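> One structure is given below, represented as structure tokens, and several questions about it will come after.
The values are calculated or read from the model by the stated rules, or taken from the named source; none is laboratory data. Bear in mind the structure is a predicted one, so any value in this text is a computation, not a measurement. FYI the Cβ positions are ideal-geometry reconstructions off the backbone, even for glycines, and counts take in every protein chain you see. Protein only, heavy atoms only, side chains kept; ligands, DNA and RNA dropped before computing areas. Shrake-Rupley method; radii C 1.70, N 1.55, O 1.52, S 1.80 Å.
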Amino acid sequence: RADRPCDICRKRKSRCVKEPDQERCVLCTFHNRECTYNDAPQPRRKRPDLADDTPGSVDGLGETEMHNNGYAIFFPPRKRTKGTQTDDAAATPGASTLTSVRSLLDRTLGLHRTTHFKYIGPSSVHEERLLDLIHRFYESGNGEDGCKFRRVADSTTFLSKSDRHTLFSGDVDGDIEAIEETVRPHGAGLVDLYFRTVHPSYPILHKGVFLEKYARSYKEFSPPLLAAVYLLAMDWWEYDGELTSHPKPDAEALLRTAMNALTGVIHRPKLSSVQAGLLLLQRAGGDSWVLTTQVVAIGEELGLHLDCTTWNIPEWEKGLRRRLAWAIFMQDKWGALIHGRPSHVSSPTWRIPRICLSDFPESAVDDDDKEGSTEVEKGRLLFIHLVKLTQIMAQALDILYSPDQTSIQELVVTSGVQGLLELVKPLAVQLKDWANDMPQELRMDDVKTRKLCSNGFLHLSYFVTEIIIHRRIIRSLAADTPPPLRDLCREAGKARLERAITFVDELRPEHLQAFWWFAAPKSLAFIRTYGGLLWATSSTDDEAEFYRRKLGDFRWSLKVRAKGVSFVAAALQEMDESL
């Protein structure tokens, strides 16, 4: 028959769609496979409980839906009777039936396997009115060098190019094989470990999509992303009964391949490039301001700084984009703080919509029952509240630590420390409200039996936000500051130090062994630096001795916790280098 399906589509029970003048069908082209017609048709088996015209089902074996990055996800069969109406597209955001494979591939943005899309900014060489004129020409596929323009909303257009025309595109197969060879045969175990320990607390991947792709082949992944997943999971190697009986793979070789591969993929930016960069930055000791700025730039290439709410893309991809945009925002702001660099993300240019629970594809029902896992619901709340805290911290950073300190200095000269206290009062109120609004699930004492708890890095970030405000106040105290005001400021500063140190002292193994994000080591070092400032500005020998003992106790508290806890060991190294 003219519409006879190829062997691959027949086995997958997928509709075989062939584009005009193409020898291979869409799926075989997408997976770079030979399109053959050797197998004979198989007899159809009738199921009495399913009507012949049941939509979205093939012989009752289940439903297959094609996601907009071009791969199918198989769902278990559901019993239906004739006339039953369904809305699978609404039940599974971003999915659609196989009857529109071509349109699904055409709609892919940021996730296509062979094509990348770059946002066209308003001041770029591309003129919006000219795009209106030539849009149809490029949409028909007649553009030079395979280029196309893709408009996802009014005045929001992307330039699409084939990955084949980018630097180092020929290295992908070699890189992915080198990565898999380094961890073989433990790849699947590491992926499972990653989604049990890291992903719930740092949900920047789409778990269902990732696992479905991995079940087919590791070759479908961007090399640096797969390597980053493996690398982070290896920190919990001992938490898997099967893995712990084998020696760990060579992490240094894996990291070297990942970083080299990341250098190549930035020339064909995709969401996986952002995910890879963010995950590599989360390794203990892996923080890098240079890499952070690269991730910000890739995000802007992909249009992550824009509100995608009205774009013509799948709903689940909108959620993923929002999560990635806020992850970049947090990476940039906390990186700017701990490195003392100007932020590259500003409110006028990064118009990110508010994040909510519906932007996360997993929920409590997706929790893993294995011991040593992390709770999914807690991770969703943690991410949202960390975003809110970062917004407050970013305000403090802009107001108190901007590169131009003229306004702050003039304020202190004209109004004294009292003027500075009035300036930071709204920040203190926001922090208090943030702490009061924290749900019980994010409290430090909310620890479940045989579960890891990642709430620690959220609370540590809160203490650091308090400290950076009081650090600026302590710096501004002068000889002519009224003694009562001086004593009040120093007592408040002392209370913040003691609270932060007590927090570290009370960390339980369930906290220490959980995921801690990139800023944790330098955040601990911040506490010691702040204590050093209080010691250096002490007015009496007794006060100086108090802070000297506090700092000694704090260092000892970290030292006894550093064994097997990589972020604490990294914090001790930071302290040795900074003081």
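> I need the peptides 529-536, 514-521 ranked by packing, meaning the mean over residues of other C-beta atoms within 10 angstrom, with the highest value on top.
Order by mean packing, descending: 514-521, 529-536.
> How far apart, in nm, are the 7 Å Cα→Cβ label points at residue 238 and residue 215?
3.3 nm
> With a 1.4 Å probe and all protein chains in place, put 444, 330, 259 in order of accessible area, largest first.
259, 444, 330
> Let me ask you something else. Filter the chymotrypsin sites (Phe, Trp or Tyr not before Pro) in the range 165-267 to those in DSSP coil with at most 16 other Cβ atoms within 10 Å of their Cβ, and list the result.
Loop-located and lightly packed - 168.
> For the range 323-365, what is the Kirkwood hydrodynamic radius in Å, using each pair of distinct C-alpha atoms?
12.0 Å
> Follow-up. List the trypsin sites (Lys or Arg not before Pro) within the range 265-356 that fall in a DSSP loop (any state other than H, G, I, E or B) and whose Cβ has at most 15 other Cβ atoms within 10 Å. Intermediate results must be reported in sequence, preceding the final value.
Details: sites: 270, 283, 318, 321, 322, 323, 333, 351, 354; in loops: 270, 283, 351, 354.
Of the trypsin sites (Lys or Arg not before Pro), the ones in loops of the range 265-356 whose Cβ has at most 15 other Cβ atoms within 10 Å are 351, 354.
> Over the residues of the range 426-579, compute the C-alpha Rg and express it relative to 2.2 N^0.38 Å. Walk me through the numbers on the way to the answer.
Details: Rg = 16.3 Å, N = 154, 2.2 N^0.38 = 14.9 Å.
The reported ratio for this selection is 1.09.
> How much of the accessible area of the range 180-232, probe 1.4 Å, is carbon plus sulfur, in whole percent?
56 percent
> With each label point set 7 Å from Cα along the Cα-Cβ vector, what nm distance links residue 165 and residue 502?
Placing both labels 7 Å beyond Cα along the Cβ direction yields 6.3 nm.
> Report the Cα centroid-to-centroid distance between the range 523-566 and the range 227-249 in angstrom, as an integer.
34 Å
> Between residue 10 and residue 450, what is the FRET efficiency for a Förster distance of 45 Å, r being their Cβ-Cβ separation, to the nearest 0.05? Display every interim value, and only then the final one.
Details: r = 46 Å, r/R0 = 1.02.
E between residue 10 and residue 450, to the nearest 0.05, is 0.45.
> Please express the shape of the range 524-579 as an equivalent ellipsoid: the semi-axes are the square roots of 5 times the eigenvalues of the C-alpha gyration tensor, given largest first in whole angstrom.
Whole-Å semi-axes of the equivalent ellipsoid: 24, 11, 6.
> What span do the alpha-carbon atoms of the range 310-461 cover on each of the three principal axes, reported in whole Å from largest to smallest?
60, 43, 26
> Accessible area of the range 364-412 with a 1.4 Å probe: how many percent of it is carbon plus sulfur?
Here carbon and sulfur together make up 51 percent of the probe-accessible area.
> On to the next question. Order 466, 577, most accessible first, counting only protein heavy atoms with a 1.4 angstrom probe. Please report the intermediate quantities before stating the final value.
Details: 466 15, 577 135 Å².
The ranking, largest first, comes out as 577, 466.
> Accessible area per residue for the range 365-418 in Å², computed with a 1.4 Å probe and the full protein assembly in place, what is it?
46 Å²
> With a 1.4 Å probe and every protein chain left in place, work out the accessible area per residue of the range 505-563 in Å², rounded to a whole number.
Result: 48 Å² per residue.
> Then there's this: Taking all protein chains in place and a 1.4 Å probe, what share, in percent, of the accessible surface of the range 308-350 do carbon and sulfur account for?
Answer for the range 308-350 is 52 percent, counting heavy atoms of protein chains only.
> Given a 1.4 Å probe, how much area per residue of the range 223-362 is accessible, in Å²?
Value for the range 223-362: 35 Å² per residue.
> For the range 239-389, what Kirkwood radius comes out of the mean inverse Cα-Cα distance, in Å?
Over the range 239-389, the inverse of the mean reciprocal pair distance is 17.2 Å.
> Can you pick out the pairs among 118/388; 148/213; 451/522; 270/370; 148/270; 207/318 whose Cα atoms lie more than 23 Å from each other?
Violating the 23 Å Cα-Cα cut-off are 118/388; 148/213; 451/522; 270/370.
> Using the Cα atoms as the points, what is the convex hull volume per residue of the range 455-523 in Å³?
Per residue, the Cα convex hull of the range 455-523 comes to 78 Å³.
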